[in-house]
Structures are given as structure tokens and as C-alpha cells.
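Peer 1: Mind looking over this structure? Questions follow.
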Amino acid sequence: MSGQFSGVIDLKKMDESRQGEALVKDAPDKANGKKFYMESYGCAMNFSDSEIVASVLLDNGFSTTNEFINADLILINTCSIRENAEQRVRARLQQFSATKKQRPGTIIGVLGCMAERLKKKLLDEEKLVDIVVGPDAYRTLPDLIQEAQGGQKAVNVLLSREETYADINPVRLGGNGITAFISIMRGCDNMCTFCVVPFTRGRERSRDARSIVEEARMLFEQGYREVTLLGQNVDSYKWVHEGTEETVTFAKLMEMVAQVNTDLRIRFSTSHPKDMTDEVLHTMAKYENICNYIHLPVQSGNSRILEMMNRGYTREWYMKRIDRIREIIPDCGISTDIITGFCSEAEEEHQETVDMMKYVQYDFAYMFKYSERPNTAAERKYEDDIPEEVKSRRLQEIVDLQREHGALQNQKDVGKTFKVLIEGVSKKSEDQLYGRNDQNKVIVFPKEKYNKGDYVQVKVESCTSGTLIGKAI
Ligand code: 5AD
Ligand code: SF4
């Protein structure tokens, strides 16, 4: 999914560092004495979903633990996007299963995309889990837990056309207290031929705009200073107010959130090249607190492959969208997702992807080898015919090129001054802080008198390939 994913930070990089992160929170008032442990894998949307699951469980008297050995309930929120994501989760489930032999009452549950995809297999054949809950069924989790406690296997993987969890207040766990995700829509209707998301997460639906603005307002009051609006394809966000019949588009929604407070930064992910409107770009340009950064997955630079992927745009269309971004928001950071070795991709077609990278000069890119996913249109219609070593070589080529581009883009920032939102103390040194500029680049600088959550002007003095290094002025 273009949404997935999962961020500097850009979402997916952040995801990398948070993969498998356990969520911990203090015990609630109406405790039932039971503890749950939860790990999340995959995209930012999955992390956001885990915060909804935690809210449901805490409301039902559970408390959290960061040791799965001590848990009565072990949950794993899973990803199906590529085969290796699933393999990782399976290995982890096997570890959990072994624990269960020592503590027989423990309940193990699989949530998210793999739950939807592999329900029968996980329950019956592999007997790894007791509960399987799909992305639209988290409200039923307390009932399913009860069933499992009674010795039954419990499953709910029904997908919904309405569920947006609009009324559930996510519990922010494991974060920095400054930046948060807000889920604005669920599912995806795009049917890119390589992607499982439309099958695992179901039809696209947009959340009530008022509940999104309210969530942003509450976060600001709690001290948060940045929200990332999440959806698989944010540009197709559309919510109609029953009564006034007013339609809220993504551009309008961004404006509403930007007006919550000028000190609340807005980011969003993921945009789709076929749907990203000039209205969105103009709204970004109009509000200083909407960050000048767009994640615009290209997937391939060749029009024939794009057509086979059912992406709904050509190479030329994509380039024109890039030109438009540069025209309306000259200093906009741009990142992308690229898949190499899609079915039948010829060497010249791969070269067009390389040329596209040279044209855009992305600030960041998430690059993947094509991984055939069961039941997708690509699996049914096309042969996965690019040899593994060719996929790997093409991937390495674009990874190396992106490293060059990233370093070059960072070099260009040396000497410039950026407004940075401080997210915390640098991992490498207590005396250094880190934050991000508008373009989503991480900047590290001496702590001096500054604190987490402050905005500060930082002058960049040097850089590494991944980080800018500067001093507050
Ligand atoms: N194989 C490889 N990469 C994939 N992605 C989605 N499905 C696949 C697949 N089957 C990538 C796309 C998407 C990102 C989140 O994951 O680039 O934008
Ligand atoms: Fe993104 Fe396409 Fe998958 Fe939808 S179908 S989640 S747009 S890659």
C-alpha cells in the first residue's frame, strides 16, 4: 500500500526503528489483574491501530507489561505487505508459543493484516494462536478474549464498510510525547496489482472530520506539537457532513487541522500521484504549520510497468506532478517508494526508474524488490519472472543512487537555517538534541537551554549522509 508504511522521520524509517516495539502504560483504575503485551510490525497505520487496541483493552481493565513472559495476553499486530514481513512475525509467534508451554493459561492473539490473510492457517494448521482479529474488528477483542479464556479459538476478521474507530481515543504509547499519528481513513480502493492492502484492510472509508480535528486539539493540549494524518491514499479523503451536506476534502481537512493552533505542525502520508490536487499544494503553501514535505510513491519510472501495476498515471504525469510541487512549494522535501523487478520489467524499463530518480532527486526513498503476494491481481495475471539476482542487482543500483542523492541534498542544506521542532535527546549524546525541519530531515545540535517540544532556529554546519548537524541561533 502506498500508505504503508510505514519514516527524517519519515514514517517508514521510524517504523524500522520501532519494529517489534512493545507498548507499555500504567494500570487503569478498573483493573482486572490481567496484563497484556503487544508488539507491532509494519506501517505507521499499524502502529496507530495498536494505540486503538490498547485503548480498548485498558478500558476493559487490562494493564500493560513490557515482558511477554509476564503477560496473560500476548498480541502481535502484523503486516502482510511483503513476504519477509510475514516471515518475521511467524518466527516471533513461534517464540511466544514456546512460552505458552511454560504458562499454559496465556492467550496469544494475532491482529492486523496477517490475521485477515492467514486466519485458518494460523489457528488450525499451525496451532500457534488462540485469537485472530482483523483490522476492522478491534472493538470485539474483549469478547474474543473471553471466548478464548473458555478454551475456544476466537476469530473475527470481518471487514467493514463503516468502521473508522472515530470515537475511540487512542492511547499514545511508546512515543516521544511530541509527535503523534492520527488515522483519518481506513482501507484502500486503488487495487494496485502488486498490493495486498485492499484485501487485508478492505474498502476505503473516511473518518468524521470533526473527530479528527478534536483529536488534534486534544493532542495539542497534552503538549504534542506535531500530528501526521494517516491514510493509504490521503488525497481521496472525503467526508460528507450529514445535515449540511458540506463535503470535506483532504485539502479542507488539512486546513481545519492547521487552524487548531499555529504551533501544531501538520504532516501527512501517503499521497497518490493520480489524486494529488493543486488545491492540496496551495493549502500547504498557505499554512506555515503544514510541513513542506510530500511522500509520493512512484513505484516505477516506466509507463508500461505503471499500467501493469494499475497505478493510474504515466511517467509523464508523475513528472508533471513533481514540476507542480516545485512550482507551488519550491523548498518541498519529496520522498518515494520504488519497487524493482516487477513482472516482466526489462532492463531499459528499470533504467527509466533510475532516470526518474535523477529527475526528481528524492530526499528519501523506500526501495523494495517485488514480492509476489497471494491473491493479488499480479499473482493471478502475471508471471513473477524476474530472477532473484536481477531483482537484487537492480535494487542495489537504486539504493546506491539514492544514497548519493540523499548526501547531495544534505550537502545543499549546509549553511542554511531551519525551524526545528525538538523531539528529544540524541541517542548518541545526552548533550545533543534532535528534531526535524519542515522537510522532515533530522537535525542534531547542542542542547544548551532548549527542551523537547520547543521550536528553535538551527543553522546547519555539517552533515552525514543521513543527518544534518548544526547549532541553535
Ligand atoms: N512487493 C514489493 N513491494 C511492495 N509494496 C507494496 N506491495 C509490495 C509488493 N508486493 C511497497 C510499495 C508500497 C510500499 C508501502 O510497499 O512500494 O508503496
Ligand atoms: Fe497503496 Fe496501491 Fe496498496 Fe492502495 S493498493 S495501499 S494505493 S500500494
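Peer 1: For the stretch 289-333, what is Rg from Cα atoms divided by 2.2 N^0.38 Å, rounded to two decimals?
Peer 2: 1.30
Peer 1: Report the calculated FRET efficiency for ASP59 and ALA346 (r = Cβ-Cβ distance, R0 = 60 Å), to the nearest 0.05.
Peer 2: E(calc), rounded to 0.05, equals 0.65.
Peer 1: Here's another thing I want to ask about it. Set the bar at 29 Å for Cα to Cα. Now go through LYS286/LYS449; LYS391/LYS427; LYS391/LYS459; LYS35/LYS127 and name every pair that lies beyond it.
Peer 2: LYS286/LYS449; LYS391/LYS427; LYS391/LYS459
Peer 1: Another one. Residue by residue through the stretch 143-160, what is 3J(HN,Hα) from phi via Karplus (6.51 cos²θ - 1.76 cosθ + 1.60, θ = phi - 60°)? Round to whole Hz and write x for glycine and proline.
Peer 2: So the Karplus estimates, Gly and Pro as x, are 5, 5, 4, 4, 4, 5, 5, x, x, 8, 7, 10, 9, 8, 10, 5, 8, 10 Hz.
Peer 1: GLU388 to ASN176: FRET efficiency via 1/(1 + (r/R0)^6), r the Cβ-Cβ distance, R0 30 Å, to the nearest 0.05?
Peer 2: With a Förster radius of 30 Å, E is 0.20.
Peer 1: So, in nm, how far is label ASN84 from label ASN310 when the simple model puts each one 7 Å beyond its Cα toward the Cβ?
Peer 2: Modelled inter-label distance: 2.6 nm.
Peer 1: So, in nm, how far is label GLN432 from label GLN259 when the simple model puts each one 7 Å beyond its Cα toward the Cβ?
Peer 2: For GLN432 paired with GLN259, the spin-label model returns 4.2 nm.
Peer 1: Can you tell me the length gained on complete extension of the stretch LYS381 to ALA407, counting 0.36 nm per residue apart and subtracting the Cα distance?
Peer 2: Working: separation 26, 0.36 × 26 = 9.36 nm, distance 3.95 nm.
Full extension of this stretch gives 5.4 nm more.
Peer 1: Another question, then. Go through the stretch 186-286 and name the GluC sites (Glu not before Pro) that are in a DSSP coil and have 14 or fewer other Cβ atoms within 10 Å of their Cβ.
Peer 2: Those satisfying the criteria are GLU242, GLU245, GLU246.
Peer 1: Per q in 0.07, 0.10 1/Å, what log10 I(q)/I(0) does a Debye calculation on the alpha-carbon atoms of the chain return?
Peer 2: -0.36, -0.76
Peer 1: Still on this structure, I have one more. Name every cysteine in the chain that ends up alone, with no second cysteine's Cβ under 4.7 Å, or say none.
Peer 2: Among the cysteines of the chain, those whose Cβ sits 4.7 Å or more from every other are CYS43, CYS79, CYS113, CYS188, CYS291, CYS332, CYS343, CYS463.
Peer 1: Oh, and also: Kindly write out, for the stretch 303-313 in residue order, the coupling ³J(HN,Hα) from the Karplus curve 6.51 cos²θ - 1.76 cosθ + 1.60 (θ = phi - 60°), rounded to whole Hz, with x marking Gly and Pro.
Peer 2: For the stretch 303-313, the Karplus curve yields 5, 5, 5, 4, 5, 4, 7, 6, 7, x, 8 Hz.
Peer 1: Just how far, in whole angstrom, is the stretch 41-108 from the stretch 263-281 if you go by their alpha carbon centroids?
Peer 2: First find each Cα centre; the distance between them is then 32 Å.
Peer 1: For LYS121 and LYS459, what is the calculated FRET efficiency with R₀ set at 41 Å and r taken between the beta-carbons, to the nearest 0.05?
Peer 2: 0.15
Peer 1: May I pose another question? So if I take the alpha carbon set of the stretch 179-410, get Rg, then get Rh from the Kirkwood formula, what is the Rg over Rh ratio?
Peer 2: Rounded to two decimals, Rg over Rh is 0.99.
Peer 1: Explain nothing, just compute: Karplus ³J(HN,Hα) = 6.51 cos²θ - 1.76 cosθ + 1.60, θ = phi - 60°, for every residue of the stretch 91-106 in order, whole Hz, x for Gly and Pro.
Peer 2: Each residue's phi maps through the Karplus curve to give 4, 5, 4, 5, 4, 4, 4, 4, 4, 4, 5, 7, 10, x, x, 5 Hz.
Peer 1: Measure off 7 Å from each Cα along the Cα-to-Cβ vector at LEU158 and ASP208, then give the distance between these two points in nanometres to one decimal.
Peer 2: With each label point 7 Å from Cα toward Cβ, the separation is 2.1 nm.
Peer 1: Say a paramagnetic label sat at a point 7 Å from the Cα of GLN361, along Cα to Cβ; which residues of the stretch 446-461 have their backbone N under 19 Å from it?
Peer 2: Backbone N within reach: 460-461.
Peer 1: Using just the helices of the chain, give the 222 nm mean residue ellipticity in deg cm²/dmol: DSSP H runs with n ≥ 4 each add -39,500 (n - 2.57), and the total is spread over all residues, rounded to 500.
Peer 2: Computed mean residue ellipticity for the chain: -10500 deg cm²/dmol.
Read-outs throughout are calculated quantities, based only on the coordinates presented, and are distinct from any laboratory measurement. As the structure is a computational prediction, the values presented were derived from the model and not from experiment. A quick note on method: Cβ atoms are made from the backbone with ideal geometry, for glycine too, and the neighbour counts reach across all protein chains shown.
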